[in-house]
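First comes the structure, then the notes that go with it.
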Amino acid sequence: MDLISNNLPIVFAGLMAISILAYVILDGYDLGIGLLMARGDRSERDRMIATIGPFWDANETWLVLGIGLLLVAFPAAHGMILTELYLPVALMLLGLTLRGVAFEFRVKAQVRFQNAWDRAFIGGSLLAALTQGYMLGRYIMGFQNGLWQEAFALAAGFGLAAAYTFVGSTWLIAKTEGELQARAVGWARASLLLTLIGMIAVSLATPLVSPRIFDRWFSFPNIIGLASIPLMTGALFLSLWIFLRRMPRADHSLDLVPFLGAMALFTLGFLGLAYSFYPYIVPEKLTIRAAASATESLWIILLGAVFVLPFIAGYTAFSYYVFRGKARELRYD
C-alpha cells in the first residue's frame with residue numbers, strides 16, 4: 001500500500017498524459033477536418049462533417065479529463081501553466097466554442113447563411129489548432145520569454161495545424177470513397193511532409209533548450225537505447241509516404257492503415273516528449289511529485305478516476321464500433 005501511495009503522482013501523471021494523447025489524436029482529426037473544409041465545395045463539406053458527426057462531442061471529453069486531472073491532482077502546476085498560457089487558453093476555448101456552435105447551425109440556418117457558418121467552423125478549428133500548437137511551443141521552451149522562444153511557439157502553432165491536417169486527411173481516407181477520398185490522399189501526402197518538418201524541428205529544439213534533456217538523449221549509453229524512437233519514427237514516415245503513393249485502393253481493404261499510422265506517429269512523438277520532460281510537469285521548474293496534491297486527496301481522486309475512466313473508454317469504443325465503415329449522410333432530425 002505504501003508503494004502505491006508513494007507512486008500515486010506518477011500514476012496520475014500517466015493518466016493525464018494518456019488523456020492528452022487521446023485528445024490530440026481523436027479531436028486532432030476533427031480539427032483537421034475543419035481545416036480541410038476550406039478546400040472543399042458545399043457537398044464535400046457535408047460529407048466531411050458526416051465523417052465526424054457521431055464522434056466529435058465524445059472526442060473533446062478527453063480534453064476535459066486531462067485538464068481536470070491537472071487541476072485536481074497537480075494544482076500547483078495548473079496554476080503555473082495557466083498563468084503562462086492564459087491568453088492562448090482563452091482563445092482556444094473561443095475557437096472550440098465557435099466550432100461547436102457552427103457545427104449545429106451550419107445545416108439549421110437559412111441557406112444564405114450556411115456558408116458563413118461553414119467559415120465559422122473552419123475559423124474555429126484553425127484558431128483551436130494554432131493556439132494548441134502555440135501552447136506546445138511555449139511549454140517546450142520552458143515558458144521562457146524572448147524573440148527566439150516566441151518565434152518557435154508561433155511556428156509550432158502552424159506545425160501542429162499541419163499535423164492535424166494530416167491526421168484529418170487520413171481519417172477522410174478511411175471514411176470516404178470516390179473523388180473526395182482521392183483528394184484526401186493528396187492532402188495527406190502534402191501535410192505528411194509538413195508534419196515531418198514540424199517533428200524534426202521539435203526534436204531538435206527540445207534538447208537544445210535544456211542541458212538536462214540534452215544529456216538524457218545524447219549521453220552514453222542512453223543514446224543507443226533511445227535511438228529506436230527516432231529510427232521507428234523515420235521508418236514510419238517513409239512507410240506512410242510509400243503507402244500513400246499507392247492509394248486509393250479499389251477494394252478499400254486498407255483504407256484505415258494511414259490513420260493507424262498517423263496515430264502511431266503521434267504516439268511516438270508524445271513518448272519522446274514525455275521522456276524528455278520527466279520528472280518535471282512544468283519544465284525545469286516543478287516536478288510531478290512536488291506539484292501533486294496530498295496523498296489522501298489523490299486516493300479519493302483515484303477512486304473517482306477508476307469509476308469514470310472505464311465509462312469514457314467504453315462509450316468511445318462503442319461509438320466507433322457502431323459507426324464503423326464508410327460514413328453515410330449525417331441527419332439532424
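May I ask you to work out the translational diffusion coefficient for the chain at 20 °C, viscosity 1.002 mPa s, via Stokes-Einstein with Rh from the Kirkwood sum over Cα pairs, reported in whole µm²/s? Result for D is 102 µm²/s.
Computed from the Cβ-Cβ distance with R0 of 51 Å, the FRET efficiency linking Leu254 to Asn7 stands at 0.80.
For the stretch 176-184, the Karplus equation 6.51 cos²θ - 1.76 cosθ + 1.60, evaluated at θ = phi - 60°, returns couplings of 10, 9, x, 5, 5, 5, 5, 5, 4 Hz by residue, with Gly and Pro reported as x.
Excluding same-chain neighbours fewer than eight residues apart, the aspartates and glutamates reachable from Lys326 by a Cα-Cα span under 15 Å are Glu44, Asp46, Glu177, Glu179, Asp251, Asp255. Note on the chain: helix-only mean residue ellipticity at 222 nm, from DSSP H runs of 4+ residues weighted -39500 (n - 2.57) and normalised by residue number, equals -27000 deg cm²/dmol. Semi-axis lengths, largest first, of the ellipsoid equivalent to the stretch 142-227 are 33, 18, 8 Å, with √(5λ) applied to each eigenvalue of the Cα gyration tensor. For Ile200 and Ala116, a Förster radius of 35 Å and the Cβ-Cβ distance give a FRET efficiency of 0.35, rounded to the nearest 0.05. Charge dipole of the chain (Cα centre as origin; +1 on each Lys and Arg Cβ, -1 on each Asp and Glu Cβ, all else neutral): 680 debye, rounded to the nearest 20. Of the residues Phe243, Ala73, Gly137, the one whose Cα sits farthest towards the positive end of the charge dipole of the chain is Phe243 (charges of +1 on Lys and Arg Cβ, -1 on Asp and Glu Cβ, taken about the Cα centre). Reducing the stretch 33-78 and the stretch 241-291 to their Cα centroids gives an inter-centroid distance of 17 Å.
Where the only charges are on Cβ atoms (+1 Lys, Arg; -1 Asp, Glu), what is the dipole of the stretch 143-223 about its Cα centre, to the nearest 20 debye?
In total the dipole reaches around 100 debye.
Packing, taken as the mean count of other beta carbons within 10 Å per residue, orders the peptides 276-285, 44-53, 228-237 from highest to lowest as 44-53, 276-285, 228-237. Largest first, the residues Lys326, Lys175, Lys108 sort by 1.4 Å accessible area into Lys108, Lys326, Lys175. Among 94-102, 132-140, 299-307, the peptide with the highest mean count of other Cβ atoms within 10 Å heads the list, and the full ranking is 132-140, 94-102, 299-307. When the chain is described by a simple charge dipole with +1 on each Lys and Arg Cβ and -1 on each Asp and Glu Cβ, the residue from Leu192, Ala151, Thr267 located farthest towards its positive end is Leu192. Heavy-atom surface analysis with a 1.4 Å probe gives the chain a carbon and sulfur content of 71 percent of its accessible area.
Considering only Thr295, Leu21, Pro9, the residue lying farthest towards the positive end of the dipole of the stretch 2-322 is Leu21, judged by Cα position with unit charges set on Cβ. Partner aspartates and glutamates whose Cα lies under 18 Å from the Cα of Lys285, excluding those fewer than 8 positions away in the same chain, are identified as Glu84, Asp215.
The values are calculated or read from the model by the stated rules, or taken from the named source; none is laboratory data. Predicted model, so just to flag it, every value in this text is computed and none were measured. Virtual Cβ from ideal backbone geometry, glycine too; neighbours counted across all protein chains shown. Note: accessible area is taken over every heavy atom of the protein model, side chains too, but ligands, DNA and RNA are not part of it. Shrake-Rupley method; radii C 1.70, N 1.55, O 1.52, S 1.80 Å.
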